[in-house]
Amino acid sequence: MSLISILTPEIKKAVSLLFEINIDTIEFQATRREFEGDITMVIFPLLKVIKGNPVELGNKIGTHLVENVAEVQAYNVVSGFLNIVISAEYYLNFFNEVKGNEKFGTVEPNPTDKAVMVEYSSPNTNKPLHLGHVRNNLLGFSVAEIIKASGKKVYKTQIINDRGIHICKSMLAWQKFGNGETPESTGLKGDKIVGNYYVKFEQEFQKEFDLELKSKGTVEFLNDCIEFTKTKEWDDSISDGIDEYIQKEGNNDDSEKEKYVKEILHPKLLKKHFKNIYFNKYSKIGTEVQQMLLDWEAGKPEVIGLWKTMNQWVYDGFASTYKNMGVDFDSYYFESNTYLLGKEVVQMGLEKGIFEKDPDGSVWIDLTEDGLDRKIVLRSDGTAVYMTQDIGTAIQRVKDFPDVGGMVYTVGNEQDYHFKVLFLILKKLGFDWSKNLFHLSYGMVDLPSGKMKSREGTVVDADDLMNEMMQTAQTISEDLGKLDGYSEEEKTELYRTIGLGALKYYILKVDPKKRILFNPEESVDFAGNTGPFIQYTYARIQSIIRKAEFDFASKTFSSSEITLHEKEKELIKVLASYPEVIQNAAQNHSPALVANYTYDLVKEYNSFYQTVPILGSDDENAKMFRVQLSKKVGETIASAFKLLGISVPNRM
């Protein structure tokens, strides 16, 4: 039984007996290291219902606990904090209970509970997965595993954006410039071939646009550009750019804003919007690709055939990347199948008065009373928008998996507003499960060399990044010179374990909401809060177990047979918090809580390792117990790292 489960009813009883007051909740926290104690009760909340000095209240409750709870050995009160000292016997008994439990910390799913569906990855089929997808996949997969470990049934899914103008760009460029090349003929992964032709399209379009600018453009094009600068869309883009500048720079000075708009924002937006105007109306290659999209929508056989062929190249490439990354999925949704979903829901919303139709036939929802704005859900020509597709897809998923009672969407923070609107619409439409929808919003990933870009072909490719991490692990491992006795195959597997472990841990140890500056060399450091440091401690524990050539596992020790060293007690305390860490990580959708717990556990173990003899102990009971404790710490490291999708090596 956990400490909180033991202490909570007794503290409630004490408050009732001593002060004739019934309380519902008690606030606990870890005792600060500078004070004696193992767990701390915060007294201050009691002052709302009990008049008195917090130190006096703490002393009365502490005395009651010492007299009535066998596990409480002593207490001290500092201001409004009751620090409770737990007996070593409690920790020894706890360890004996969990040492043989291979599933320690996790909870088996209740068959009657609703399942959770976690969406992640959700790539476009016009390019390979990149560094941003790496964070997305690692977060989504880890959150799914953590929720599963907390006692929920979980489905992992993704929606693949396999249709639209961006897909047609790759297809048209391959048709025009590809000379029939295939993954087989080039030896390249299919997603890389398709990505190369997406870049090729953008290069060809840029050439065309640059020539237009050099010739100073046609009269019609220039007139369109001038007219655009008089529109609300132009005004809104300026306003949004200023807001983004203020948010990023924290500078609201009028003169600085004016300078930014004139020198940076204005030229940037002119180039962006003028390119769009040229692409949509005047570009030869732009006209061709738009016609290809119309042909796809019309089901033209040769276009559909090419679309299927090139998409399959991409799917095969993605499958290889996912396998290397160590992530998987239970189901797949394709936008080509879901883009019409949701249109029937629009009619339902109109009938309920949730949606409203404008004179031009477009359908909207007014969310201004909810602090949002009006949002279009159906265009005037009857075509669906992304919001409508997402509404329909969410409803379809519950039809496909009737036991789903909630969903987690792993999508970057640039889509925060989109998901606020989506969840609110589903709630207004009356779906019970809408209250259990969560947007796992995360920040961008940057490299020291700068932000990623895909159109120019300078994207940080996920496969290349993983290979680079393995090579970095190899270089550092060889420099350390601890690879004697390894076969080449074992070395390769070790480099993979260390390299991918470094990458995953570096990304997952950071709160999802924060932006990351990813430094490959720093992540493979064998010291500090890194994956390899934790993996090295695990390998050290396995070495101890291999050297323990005696039966250490069968005996269970009582307090009369061994006296816990303070370092042993502290280590068991950290172990004991593992189940709570999993629950908190699941509730907060944060693998960072598991990652940093594992680092804390390893730090505590290394302190124990450096302070007390293990195999060198003269006391046979102490020697056996310390190997048992080491083994359990190793199992917990492996368990926690499994939730993060990270492997652990038996030797390093």
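The values are calculated or read from the model by the stated rules, or taken from the named source; none is laboratory data. Because the structure is predicted, anything quoted here is derived from the model rather than measured. No Cβ is skipped: glycine too gets one built from the backbone with ideal geometry, and neighbour counts run over all protein chains shown. Surface accessibility is based on the protein's heavy atoms, side chains included, excluding ligands, DNA and RNA. Shrake-Rupley method; radii C 1.70, N 1.55, O 1.52, S 1.80 Å.
Annotations for the structure displayed:
- In Å², nearest 10: area of Val574 left accessible to a 1.4 Å probe: 30
- Residues of segment 3-45 with amide N under 11 Å of the 7 Å Cα→Cβ point at Glu67: 18
- Pairs from the list Lys547/Lys623; Lys272/Lys375; Lys99/Lys642; Lys323/Lys642 with a Cα-Cα gap above 21 Å: Lys272/Lys375.
- Each residue was assigned an accessible area with a 1.4 Å probe, and for Leu92 the value is about 0 Å².
- Residue-averaged 222 nm ellipticity for the chain, from DSSP H runs of 4+ at -39500 (n - 2.57), nearest 500: -18000 deg cm²/dmol
- Protein heavy-atom accessible surface, 1.4 Å probe, per residue over segment 218-335: 61 Å².
- Gain in span if fully extended, Lys114 to Arg515, counting 0.36 nm per residue against the direct Cα distance: 141.1 nm
- Rounded to 10°, Cα long-axis angle of helix 88-98 versus longest principal axis of the chain: 50
- Separation of segment 375-453 and segment 76-95, taken as the distance between their Cα centroids, equals 46 angstrom.
- Taking all protein chains together and a 1.4 Å probe, the residues Met171, Met1 rank Met1, Met171 from largest to smallest accessible area.
- Exposure check, 1.4 Å probe, all protein chains in place: Arg374 carries approximately 90 Å² of accessible surface.
- Centre separation in Å (Cα based) which lies between segment 261-338 and segment 1-73: 61
- Cα gyration tensor shape of segment 433-559, rounded if a/c is under 1.5, else prolate or oblate by comparing a/b with b/c: oblate
- Computed from the Cβ-Cβ distance with R0 of 30 Å, the FRET efficiency linking Thr231 to Lys427 stands at 0.35.
- Segment 119-161-segment 189-230 distance, computed between alpha-carbon centres (Å): 33
- Taking a straight line from the alpha carbon of Lys308, these aspartates and glutamates sit under 16 Å away, with near neighbours fewer than eight places off in the same chain left out: Asp162, Glu181, Asp191, Asp295, Glu297, Asp316, Glu335.
- Å² per residue, accessible surface of segment 511-583 at 1.4 Å: 48
- Too-long pairs where the Cα-Cα distance tops 20 Å, listed order kept, from Lys207/Lys300; Lys169/Lys284; Lys12/Lys48; Lys153/Lys343; Lys189/Lys504: Lys207/Lys300; Lys153/Lys343; Lys189/Lys504
- Overall shape: prolate for segment 481-529, with the ratio a/c of the largest to smallest alpha carbon gyration tensor axis at 1.5 or above and a/b above b/c.
- Using a Förster distance of 22 Å, the FRET efficiency for Tyr332-Asn436 (Cβ separation, nearest 0.05): 0.50
- Prolate/oblate/rounded call for segment 172-261, Cα gyration tensor, a/c under 1.5 rounded: oblate
- The angle separating the long axis of helix 488-508 from the principal Cα axis of greatest extent in the chain is about 80 degrees.
- Linear extension gain, Ser617 paired with Ile545, 0.36 nm per residue minus alpha-carbon span: 24.5 nm
- Spin-label model, Phe557 to Gln312: label points 7 Å out along the Cα-to-beta-carbon direction sit 6.3 nm apart.
- Here the Kirkwood formula puts the hydrodynamic radius of segment 1-103 at 14.2 Å, using every distinct Cα pair.
- Modelled FRET efficiency - R0 41 Å, Tyr386 with Lys103, Cβ distances, 0.05 increments: 0.50
- 12 Å cut-off, amide nitrogen to a point 7 angstrom out along Leu18 Cα→Cβ, residues in segment 66-98: 66-68, 75-77, 81-83
- Surface share of carbon and sulfur [accessible, 1.4 angstrom probe, percent] for the chain: 50
- Difference of contour (0.36 nm per residue) and Cα-Cα distance, Ala638 to Thr25: 217.3 nm
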